[in-house]
Amino acid sequence: MIIEKIVVGMLQVNCYIIGSKDSGKGVIIDPGDEPDRIIDLVGTTGLEIKEIICTHGHFDHIGAAGELKNYLGALVLLHREDILVYKHSYEVAQEWGLDAEPQPEPDLYITEGHLIDLGSTTMRVIHTPGHSPGSICLTGEGFVLTGDTLFAGSIGRTDFPGGDYNRIGKSFRMLMALDNSTKVMPGHGPSSTIGYERQHNPFAAEFLSSY
């Protein structure tokens, strides 16, 4: 496996490039900004990028999707429940004082259980609403990409339009069902493990008490 992380944009989003050395296939997850830097990193991996996957539709996670799609010829993937968030993300970005434009229509809507084929390995989509209606996580061999659902020591905000605290609690419980050794690779900040978050995340006591 090839796993590369690059931190992009004003809000310091973790953009990931993941692929298989054997097949040469790769994907980009959460290209929030700075497409030139992302393209340069893709070049160092030697991967052919087939898909651009957005864990959710907020502007800081999708801002470079259009430019990368045009340059790489890759498909943009999103969960259908986040389409309104995605379509209006540029307006929110402008409210934050950023120069943003609408992103291209998603090429494919992904749902719970969708498999991302990288040739010698696969990743599986988990629908984890709460931060936004269509937030997803991606599980692979020994790791999970959690977008803004789960951070090291925290969870994603639920006070944005479409956010839901009860739903993110259910999503948290779903993630805690993964193996303790699973590496957590979030959309912002440092990595962690499921076992560490189960023991030390301040939301664990509340969300897991009735589990």
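The values are calculated or read from the model by the stated rules, or taken from the named source; none is laboratory data. In this text the structure is predicted, and so the values were computed from the model without any measurement. So basically every Cβ, Gly included, is an ideal-geometry build from the backbone, and we count neighbours across all protein chains shown.
Remarks
- Count of residues meeting criterion [assigned to a strand (DSSP E or B) and hydroxyl-bearing (Ser, Thr, Tyr)] in region 110-125: 1
- Within region 140-150, restricting attention to residues that are in contact with a helix residue (DSSP H, G or I) (Cβ under 9 Å, 6 or more places away or on another chain) and either of a type outside the set (Asp, Glu) or free of Cβ contacts under 8 Å to residues at least 40 places away in the same chain (or both), the residue that is surrounded by the fewest Cβ atoms within 10 Å (Cβ to Cβ) is VAL144.
- Count - residues of region 192-211 that are part of a loop (DSSP other than H, G, I, E, B) and either surrounded by 15 or more Cβ atoms within 10 Å (Cβ to Cβ) or touching a Phe, Trp or Tyr at 6+ places or on another chain (Cβ under 7 Å) (or both): 2
- In region 71-81, the residues that are of a type outside the set (Phe, Trp, Tyr), more than 23 Å from HIS131 (Cα to Cα) and touching a residue at least 12 places away in the same chain (Cβ under 8 Å): LEU72, ALA74, LEU75
- Pairs meeting the criteria (first residue in region 94-117 and loosely packed, with under 12 Cβ neighbours inside 10 Å, second residue of a type in the set (S, T, N, Q) and in a strand (DSSP E or B), beta carbons under 9 Å, at least 6 apart or on different chains) are LEU115/THR122.
- Of all residues in region 151-188 being touching a residue at least 60 places away in the same chain (Cβ under 8 Å) and touching a Ser or Thr at 6+ places or on another chain (Cβ under 8 Å), the one that is nearest to GLU4 (Cα to Cα): MET185
- When restricted to residues that are crowded, with 18+ Cβ neighbours inside 10 Å and over 20 Å from PRO202 (Cβ atoms), region 151-183 contains 1.
- Scanning region 94-109 for residues that are in a loop (DSSP other than H, G, I, E, B), within 18 Å of THR55 (Cβ to Cβ) and of a type outside the set (D, E, K, R) yields GLN103, PRO104, PRO106.
- Residue within region 121-131 that is among the hydroxyl-bearing types (Ser, Thr, Tyr), within 19 Å of GLY163 (Cα to Cα), modelled with pLDDT of 95 or more and within 15 Å of the chain's Cα centre (by Cα) present: yes
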